[in-house]
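Each remark here refers to the structure printed beneath this line.
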Amino acid sequence: AQTVTQSQPEMSVQEAETVTLSCTYDTSESDYYLFWYKQPPSRQMILVIRQEAYKQQNATENRFSVNFQKAAKSFSLKISDSQLGDAAMYFCARASGTYKYIFGTGTRLKVLA
Amino acid sequence: EAGVAQSPRYKIIEKRQSVAFWCNPISGHATLYWYQQILGQGPKLLIQFQNNGVVDDSQLPKDRFSAERLKGVDSTLKIQPAKLEDSAVYLCASSSSLNYGYTFGSGTRLTVV
């Protein structure tokens, strides 16, 4: 089965500290894309960061970076200098040439002041 | 640019009633998706349109769910008759290109009582 697994239902981080959210996936394809989405209580899914599988360099967007381990099929998200506004559900997703996304079950991130 | 518009934002209906949701994607986005997000789970694809044609509806419960995208722009998703297990957030998303990720709307929260 083509699945995306997020093994941490909930994580907490102190404001200004760093947290890492885990994601593993299963695919038989060689060309695919990986994403992290943030979903605040407003429900709108917001793209945080994306990674093309053919690129070895880990993607970075300001305080957000990924650790992409293709052989291990692992795609973790690191949030540095955590802010109160980072509190949300975070979803890992995989997409391939069919343009279809498969999402994980999400990790709820709490940021403690 | 304007985002993906969805309406209504909330809907409460009794089981066996009918309901319809509307989505207006970002202008020029050829691909439109409807996702169902049950509480505590990640979004699950219901149907994918490319312009006004259906690309994937393999997970759409066709005995009660229907969707259309007239003229390749707006889309409606209908449930008739609704069941209690249809209670969820229905997210619409659009995309112009796979590697840029989706743009999601704010979703419609459906409660079936």
Restrict the check to region B:87-110 and report whether at least one residue is in contact (Cβ under 8 Å) with a residue 12 or more places away in the chain, more than 14 Å from chain A (Cβ to nearest Cβ) and under 14 Å from the mean Cα position of the chain (by Cα).
yes
Please determine whether any residue of region A:65-72 is modelled with pLDDT under 90 and either open to solvent by less than 30 Å² (accessible area, probe 1.4 Å) or more than 26 Å from B:Gln59 (Cα to Cα) (or both).
no
Given (1) within 25 Å of B:Gly3 (Cα to Cα); (2) away from chain A (no Cβ under 14 Å); (3) touching a residue at least 60 places away in the same chain (Cβ under 8 Å), number of the condition B:Arg69 does not satisfy:
(3)
Given A:Gly106, A:Gly85, which one is open to solvent by less than 60 Å² (accessible area, probe 1.4 Å) and without any contact (Cβ under 8 Å) to a residue 60 or more places away in the chain?
A:Gly85
When region B:17-44 is checked residue by residue, the ones that are open to solvent by 70 Å² or more (accessible area, probe 1.4 Å) and hydroxyl-bearing (Ser, Thr, Tyr) are B:Ser27
Can you spot a residue in region A:36-51 that is more than 12 Å from chain B (Cβ to nearest Cβ), among the aromatic types (Phe, Trp, Tyr) and open to solvent by less than 60 Å² (accessible area, probe 1.4 Å)?
no
What strands (runs of 3 or more DSSP E) completely inside region A:8-113 contain at least 2 residues that are among the charged types (D, E, K, R)?
A:46-52, A:107-112
Scan region A:12-32 and tell me whether some residue there is touching a residue at least 40 places away in the same chain (Cβ under 8 Å), crowded, with 20+ Cβ neighbours inside 10 Å and within 30 Å of B:Tyr10 (Cα to Cα).
no
Do we find that A:Ser7 is in contact (Cβ under 8 Å) with a residue 24 or more places away in the chain, out of contact with any Phe, Trp or Tyr (no Cβ under 7 Å at 6 or more places or on another chain), more than 10 Å from chain B (Cβ to nearest Cβ) and open to solvent by 70 Å² or more (accessible area, probe 1.4 Å) in this structure?
no
Every residue in region B:38-62 that is more than 16 Å from A:Lys100 (Cβ to Cβ) and either at the interface with another protein chain (Cβ under 10 Å from one of its Cβ atoms) or assigned to a strand (DSSP E or B) (or both), please.
B:Gly40, B:Gln41
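The values are calculated or read from the model by the stated rules, or taken from the named source; none is laboratory data. Owing to the predicted nature of the structure, the values given are computational and were not obtained by experimental measurement. As a convention, Cβ positions derive from the backbone with ideal geometry for all residues, glycine included, and neighbour counts pool all protein chains shown. Heads up: the accessible areas ignore ligands, DNA and RNA and are worked out on the full protein's heavy atoms, side chains in. Shrake-Rupley method; radii C 1.70, N 1.55, O 1.52, S 1.80 Å.
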